[in-house]
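What follows is a short report on a single structure.
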């Protein structure tokens, strides 16, 4: 009887023992950080300095891999379906919760669910900015709205993909202003920025850090800010609230996730590595130079933030309805 009890206790405790052993050995190979967009956008801007800093803390390579497509859904799904062993991470944006809701809106099976991912921490949280080409005739938001009303559905704007971060922001504005613009989706913010610089589209919603160098070079002009207040990198740019659109508020946050089910000791080490990365002078300097200061939140606070922000964005998507 004593032997049977001892054997049973060992059997029941074996998974915990093995889990602790795996956590102690982790990481023993390179870690992949998926960015669900092409290079050049906000998630990529966040991922590369963070990956380099985490690599210094963890002692193993942290390799950034861009897996764009479907407004971020392809990369988000790849991370959500990965093994929960701490070797696959996801640096994604606020569209994380929007994309499954958009699938449901069109009676499609969602590519993934947010519940398949566990938050590690937030690194950036920027209000979105509305930019137009420098040679465009619109000097103010009202001028753009007046032109759009005179020529409905003809002014093209770029986005990171249908129901992606930049698309929802623009549709929130169009819905509030009572105008119709021409949506031109791309595989990510990087290609969308390239398109506006090339003149393929005339307007774009994007993060300050992505737009700032092109504004400084005189290639783009910023008309409005989706945030609740003006920001330091664009102090002259009014908010949509100031311009008579109180319901138009949108932020591009970037945060790090892991597949749900990663062992608690490994998640604790990932949280600590991200905390250290966000305090790393090289990361702080890189973000501030780009006009997007660090906005770190640890996992519990980040989870609450995601829940609040997702509820607001899902309500906005339902109000906008089906758009192409």
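Please treat every number below as a calculation from the coordinates, not as lab data. Remember, predicted model here, so these are calculated numbers, not experimental data. Every residue, glycine as well, gets a Cβ built from its backbone with ideal geometry; the counts of neighbours run over all protein chains shown.
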Defining a contact as two alpha carbons under 8 Å apart and six or more residues distant in sequence, what relative contact order in percent does the chain show? 26 percent
Relative to the chain, whose Cα atoms define the longest principal axis, helix 165-177 and its Cα axis are tilted in degrees, nearest 10, by 40 degrees
Quick check on the exposure proxy: order 231, 252 from fewest to most C-beta atoms within 10 angstrom. 231, 252
With angles folded into 0 to 90 degrees, how steeply does helix 42-58 sit against the dominant principal axis of the chain? Use alpha carbons for both and round to 10. 30 degrees
Give me Rg over Rh for region 204-295, both radii from the alpha carbons and Rh done the Kirkwood way, two decimal places. 1.09
Using only Cα atoms, tell me the angle between helix 141-150 and the longest principal axis of the chain; keep it within 0 to 90° and round to the nearest 10. 70 degrees
Theoretical gain in end-to-end length, residue 60 to residue 275 [0.36 nm per residue, Cα-Cα removed]: 75.7 nm
Normalised alpha carbon radius of gyration of region 129-225 [divisor 2.2 N^0.38 Å]: 0.95
Provide 135, 55, 236, 288 in ascending order of the number of other Cβ atoms located within 10 Å of each residue's Cβ, fewest first. 236, 135, 288, 55
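Starting with the fewest neighbours, write out 219, 322 ranked by other beta-carbon atoms found within 10 Å of each beta-carbon.
Details: 219 16, 322 9.
Least to most surrounded, the residues fall as 322, 219.
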Over the chain, with a Gaussian network built from C-alpha contacts below 10 Å, which listed residue (176, 206, 159) shows the highest mean-square fluctuation? 176
So the compactness index of the chain, its C-alpha Rg divided by 2.2 N^0.38 Å, takes the value 1.09
Helix-only mean residue ellipticity at 222 nm for the chain, each DSSP H run of n ≥ 4 adding -39500 (n - 2.57), per residue, nearest 500: -14500 deg cm²/dmol
What is the ratio of the Cα radius of gyration of region 121-161 to 2.2 N^0.38 Å, where N is its residue count, to two decimals? 1.53
Rg (Å, one decimal) plus Dmax (Å, integer) for the alpha carbons of region 77-206? 16.9, 55
Cα-based Rg (one decimal) and Dmax (whole number) for region 25-90, in Å? 11.8, 36
Full extension between residue 85 and residue 28 adds, at 0.36 nm per residue less the Cα distance, a length in nm of 19.4 nm
Surface/4 estimate of mean projected area, convex hull on alpha-carbon atoms of region 168-256, nm²: 6.4 nm²
